[in-house]
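Trainee: Below is the structure I would like to discuss, written out as structure tokens.
The values are calculated or read from the model by the stated rules, or taken from the named source; none is laboratory data. Keep in mind the model is a prediction, meaning the values are calculated, not measured. Note that each Cβ is placed from the backbone with ideal geometry, even for glycine, and that neighbours are counted across all protein chains shown. Calculation scope for accessible area: heavy atoms of the full protein, side chains included, ligands and nucleic acids excluded. Shrake-Rupley method; radii C 1.70, N 1.55, O 1.52, S 1.80 Å.
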Amino acid sequence: MNGAALLSVEAVSVDLPTVRGNLRAVDQVDLHLAAGQTLGIVGESGCGKTMLSRAILQLLPKKAKLAGRVIFDGQDLAHCSAEALRKLRARSLAVVFQDPMTSLNPVLTIGTQLIETLQEHLELDAAAAKRRSGELLAAVGIPAPEQRLSQYPHQLSGGMRQRVAIAIALSCEPKLLIADEPTTALDVTIQAQILDLLAREQKRRHMAMIIITHDLGVVAGRTDDVAVMYAGRVVERAPTQALFKQMHMPYTEALLAAIPKLETAPHTPLPAISGRPPDPTRPLKGCSFSPRCRYAAGRCESEKPPLVPAEMAAHQYACFHPIRLAADATA
Amino acid sequence: MATLDLALEEEVVAALPARRKRRLGPVFWAAIAWMVFIFVAAIFADVLPLPSPTDMDMLNRRAPFSALHWLGTDGLGRDELARLVYGARISLIVGLGAPVIGVTIGGALGMLAGYFRGRFETLVVGSMDVLLAFPPLILALAVTAYLGQSILNLTCILGMLGIPAFMRVARAATLTLARREFVIAAQALGASHARILLRELLPNVMLPLLAFFLLGVAVIIVAEGALSFLGLGVPPPIASWGSMIGEGRESLDVAPQLAFLPAIAMFLTVLSFNLVGDTLRALTDPRQGAL
Amino acid sequence: MMQQAATSPLLKVENLVVEYVVGNKIVHAVSDVSLEIARGETLGLVGESGCGKSTLGRAVLQLRPAVSGKVLFDGEDLTAMQGEALRKMRRRVQLIFQDPIASLNPRRRIGDIVAEPLVIAGVRDAKERHDRVCKVLNAVGLDPALTIGRLPHEFSGGQCQRICIARALVLNPEFIICDEPVSALDVSIRAQILNLLEEMKARFGLTLLFIAHDLAVVKAVSDRVAVMYLGRLCEVAPSEELFARPAHPYTALLLEAIPVPDPDIKPAERVAVGEPPSPIAPPSGCRFRTRCPRADERCAREVPELRPVGPRQSVACHHPLT
């Protein structure tokens, strides 16, 4: 979009060969993220959001085929040398995963994992690395940080472990942090604390962030832009305020409606989306959401709707029968 | 509001056939072919047109391949092919019999230990540890010295020595499974312990046990071969691949085939069991079917 | 044996204590919990991980031994029952789990799985079993012809949960404990399953204990809600009142922490900090006091009991919010 984009994902597709045929996990996705901005990627399981994050990080499984370009800080990551990629990781590009129990090495102490990262990427000596580790743990809100350095991941609670994972991710002052479902495995009160922590650190370091989640509530108050994915494609994208004010793609609206809200009275039937997400090994010719969409008609089954802008250029949707479009709808 | 999921689409129906065909390549079928061949030969040894494996033809010792003796004769003039076929019988009897003892007793103990836990488990695991602590060769020697050499004794002792390994496999599998919700669901329904063990746990534990069983067959065939090679296995004049290799040692310079033929036969058989066991395990892992 | 009047509760838990041993430490999973559920009611039980709600659910079904306390189902004490009597009682009370795929034996066909309760209950006629299985599969929205001969891994999470619900319904139970039935499912499928549960409840006249950590989900299906923290009940109230006027500080904390899908509502500044203490060494007195902004030394000394603060609302707090 603008030349100052820190991350530019251009027409990225990820194909995975499986027993049942080719699986198109990500289909022609475009994304742009400027420094200091937060992008939320929302979708349910199987929509391709995790594969997309792997594609950005160049951590795809061996069998996967990547098409398109991932430009980060001016470099095309898909065509970087392994050495250049290694330098980028941790120093510029960091990631926090969903389950800290598996993203932390269970047989190494917290201190070792932090210190190793610091020594590897910042080339600090052992004493300086140890000191910095303590500071990092304190910054992420872990009480008694010096003691924690000699503890193992299983001795900490889930929330603590996620804080440690965040500390490791932030240790080398990255320019972009990708958080893949960082709070899904955590309790709701801890979730709030972790999201606050991420927001605070992001502001302090002027870091760009991508939050991947299935929860629209998580992105609502904490992101600048939101991209909604379904069956491997981005089906709607907008600045957060604009998206929640008016959703154009029926899936987004249905997703929001299907979440039980606190204001609703008990025993009110929820407006559920019927059917199931499509099988990614048998992509539909037309819009992937059409079998479940109550507005589907005509073109929806034979053509894939392209992403087109709404009256606000930054708000894009992929639908032939968008909801309440102020401008003339392409019918 | 209509919320019920409609009937499953055909995609679920069509998705089924593709996954089974994956791993059965030519190597697998070759292994199956060899196993069938060996089994058939061993079972029908008596009706095959073979010379007797014990008839000694002292004038025709270590004879090369001929029309009369397809694979020649051994050091005492006995037909090599017949001895190989009867040797297959021994290998299979002991090779299958011993692991069967191991899997039934060890498997049962392991499942019970893993399910009931507590003191029973400690008792079972402890006694298995004791059994494992015995040097197996010494134990086999002691048993054969005391009870005499015979196929039955050999099978029993090898079977007993295999019990701890099967117990471990069964217990490990049961420990993982017994905590999963479908077992708790069965308990919540009021199913008796026996029902849970037999209908919920056994079908799931059977798979790793079966794979381990086939590997066990391979190991026992080699073990029997080793014992017979040392003269501690089946008594002469019963033909066994191991004793044939032992006897063939003396003729290595003159008639090397006497040692190599039984060795090749053993190698192919053990390899086949390993291959089939591995493939079976990979094929029947239910998680493979999920994607 | 239903001699009780229609107004007495279907389930009554009295002073239930459940502990278990991990290593050489004792985990106080459930400490002196009492609650009641009336016939036809849905009680939601809400709390974060480690609060003991799942343990409570299993202890009610006698799947976990209780250290002390009673569980009265339709007037009969389940904790005192054994053997055949307990097995008969199990037909009237069923359980649905969180992980629908793990709740089904991966090596058995769906038809067998759903028929299993009938077999255990002694229904010998295969045709009758088949008919009942088909009926209940239809009720949950699955086509029996396409379902019965298949294995669980061929189905999605949502469909597996439907199968689990079918299995729970096949014996026509009176009471179902739902232990986080939708937490493992996708957002769009959750709504389907919640609607299905409501429909089944209405159709079969069920009473439900709905255990979850998601407050909004609990509110959608419950008549009354009980909030649990570290083994004790904090507050019990009808759904609307609990969410509109929470009396316990923990309830208020939970409500604030829920991410609201409305960008104009900024996430509130956190009122409480820290993490739940371990149930191995719970704090003395009120267990929430280490995270409560209103705690004082009375809270450390005295365990708060559940006291009524409204017509149908009770709270266990020395300094309730209302």
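Trainee: If a residue has to be assigned to a loop (DSSP other than H, G, I, E, B) and facing chain C (nearest Cβ under 7 Å) to count, how many in the stretch A:246-264 make the cut?
Mentor: Quick first cut of the stretch A:246-264, residues assigned to a loop (DSSP other than H, G, I, E, B) only: A:246-249, A:259-264.
Okay, now just the ones that are also facing chain C (nearest Cβ under 7 Å), so A:259-262, A:264.
Of the residues in that region, 5 qualify.
Trainee: Does B:Tyr86 qualify as being touching a residue at least 40 places away in the same chain (Cβ under 8 Å) and more than 23 Å from B:Gly242 (Cβ to Cβ)?
Mentor: no
Trainee: Still on this structure, I have one more. Name the helices (runs of 4 or more DSSP H) wholly inside the stretch C:213-322 in which the number of residues that are within 8 Å of chain A (Cβ to nearest Cβ) and open to solvent by less than 10 Å² (accessible area, probe 1.4 Å) is 3 or more.
Mentor: Fully inside the stretch C:213-322 and qualifying: C:215-221.
Trainee: Now for a different question. Looking at this structure, is A:Thr268 part of a loop (DSSP other than H, G, I, E, B) and either open to solvent by less than 40 Å² (accessible area, probe 1.4 Å) or among the polar types (S, T, N, Q) (or both)?
Mentor: yes
Trainee: Counting residues that are open to solvent by less than 10 Å² (accessible area, probe 1.4 Å), which helices (runs of 4 or more DSSP H) fully inside the stretch A:104-195 reach at least 1?
Mentor: Working: elements: A:110-122, A:126-139, A:145-148, A:158-170.
The qualifying helices (runs of 4 or more DSSP H) are A:110-122, A:126-139, A:158-170.
Trainee: Among the candidates A:Gly141, A:Gly68, A:Gly134, single out the residue that is touching an Asp or Glu at 6+ places or on another chain (Cβ under 7 Å) and at positive phi.
Mentor: Criteria check complete, one pass: A:Gly68.
Trainee: Show the residue pairs that are 6+ apart or on different chains and have beta-carbon atoms under 8 Å apart, the first residue being within the stretch C:155-183 and closer than 14 Å to C:Asp99 by Cβ, the second being of a type in the set (Ser, Thr, Tyr) and open to solvent by 10 Å² or more (accessible area, probe 1.4 Å).
Mentor: Sorted first by the residue in the stretch C:155-183, then by its partner, the pairs are C:Asp179/C:Ser54; C:Glu180/C:Ser54.
Trainee: Can you give me the number of residues within the stretch C:59-87 that are without any contact (Cβ under 8 Å) to a residue 60 or more places away in the chain, surrounded by 13 or more Cβ atoms within 10 Å (Cβ to Cβ) and not small (Gly, Ala, Ser)?
Mentor: The total comes to 10.
Trainee: Which of the residues spanning the stretch C:112-140 are part of a loop (DSSP other than H, G, I, E, B) and surrounded by 22 or more Cβ atoms within 10 Å (Cβ to Cβ)? Give the derivation first.
Mentor: Filtering the stretch C:112-140 down to residues part of a loop (DSSP other than H, G, I, E, B) leaves C:121-125, C:140.
Residue satisfying the conditions is C:Val140 alone.
Trainee: Restricting the search to the stretch A:292-327, which residues are without any contact (Cβ under 8 Å) to a residue 12 or more places away in the chain and hydrophobic (A, V, I, L, M, F, W, C)?
Mentor: Hit for the stretch A:292-327 is A:Ala313, nothing else.
Trainee: Moving on to the next point. Collect the residues in the stretch A:228-245 that are open to solvent by less than 40 Å² (accessible area, probe 1.4 Å) and over 18 Å from the mean Cα position of the chain (by Cα), keeping them in residue-number order.
Mentor: Result: A:Ala242, A:Phe244.
Trainee: Kindly establish whether C:Glu198 is charged (D, E, K, R) and either facing chain A (nearest Cβ under 7 Å) or in contact with a helix residue (DSSP H, G or I) (Cβ under 7 Å, 6 or more places away or on another chain) (or both). Explain how you work it out, then say what you get.
Mentor: Values: charged (D, E, K, R): yes; either facing chain A (nearest Cβ under 7 Å) or in contact with a helix residue (DSSP H, G or I) (Cβ under 7 Å, 6 or more places away or on another chain) (or both): yes.
Considered against the rule, which asks whether it is charged (D, E, K, R) and either facing chain A (nearest Cβ under 7 Å) or in contact with a helix residue (DSSP H, G or I) (Cβ under 7 Å, 6 or more places away or on another chain) (or both), C:Glu198 comes out as yes.
Trainee: Any residue at all in the stretch C:37-52 that is open to solvent by 40 Å² or more (accessible area, probe 1.4 Å) and either within 14 Å of chain B (Cβ to nearest Cβ) or part of a strand (DSSP E or B) (or both)?
Mentor: Within the stretch C:37-52 (the criterion being open to solvent by 40 Å² or more (accessible area, probe 1.4 Å) and either within 14 Å of chain B (Cβ to nearest Cβ) or part of a strand (DSSP E or B) (or both)), the answer is no, since none of the residues qualifies.
Trainee: Here's another thing I want to ask about it. Just checking, how many residues over the stretch B:191-250 are within 14 Å of chain C (Cβ to nearest Cβ), without any contact (Cβ under 8 Å) to a residue 40 or more places away in the chain and open to solvent by 40 Å² or more (accessible area, probe 1.4 Å)?
Mentor: 6
Trainee: Taking the residues in the stretch A:222-241 that are under 16 Å from A:Ala208 (Cα atoms) and not in a strand (DSSP E or B) as candidates, determine which candidate is farthest from the other protein chains (Cβ to nearest Cβ).
Mentor: A:Asp224
Trainee: Out of (1) at pLDDT below 90; (2) within 21 Å of A:His214 (Cα to Cα); (3) open to solvent by 40 Å² or more (accessible area, probe 1.4 Å), what's the single condition that is false for A:Cys47?
Mentor: Status for A:Cys47: all satisfied but (3).
Trainee: Out of everything in the stretch B:53-77 that is outside any loop (DSSP other than H, G, I, E, B) and more than 32 Å from the chain's Cα centre (by Cα), what residue ends up being nearest to B:Ala265 (Cα to Cα)?
Mentor: B:Asn60
Trainee: Is it the case that some residue within the stretch B:121-129 is within 19 Å of the chain's Cα centre (by Cα) and open to solvent by less than 50 Å² (accessible area, probe 1.4 Å)? Before the answer, list the steps.
Mentor: Pass one, the stretch B:121-129, residues within 19 Å of the chain's Cα centre (by Cα): none.
No, the stretch B:121-129 contains no residue that is within 19 Å of the chain's Cα centre (by Cα) and open to solvent by less than 50 Å² (accessible area, probe 1.4 Å).
Trainee: Looking at the stretch C:53-98 only, could you name the residues that are in contact with a Pro (Cβ under 9 Å, 6 or more places away or on another chain), within 14 Å of another protein chain (Cβ to nearest Cβ) and among the hydrophobic types (A, V, I, L, M, F, W, C)?
Mentor: The answer is C:Ala59, C:Val93, C:Ile96, C:Phe97.
Trainee: Quickly run through the stretch B:209-239 and pick out the residues that are part of a helix (DSSP H, G or I) and more than 19 Å from B:Leu271 (Cα to Cα).
Mentor: The answer is B:Leu227, B:Ser228, B:Phe229.
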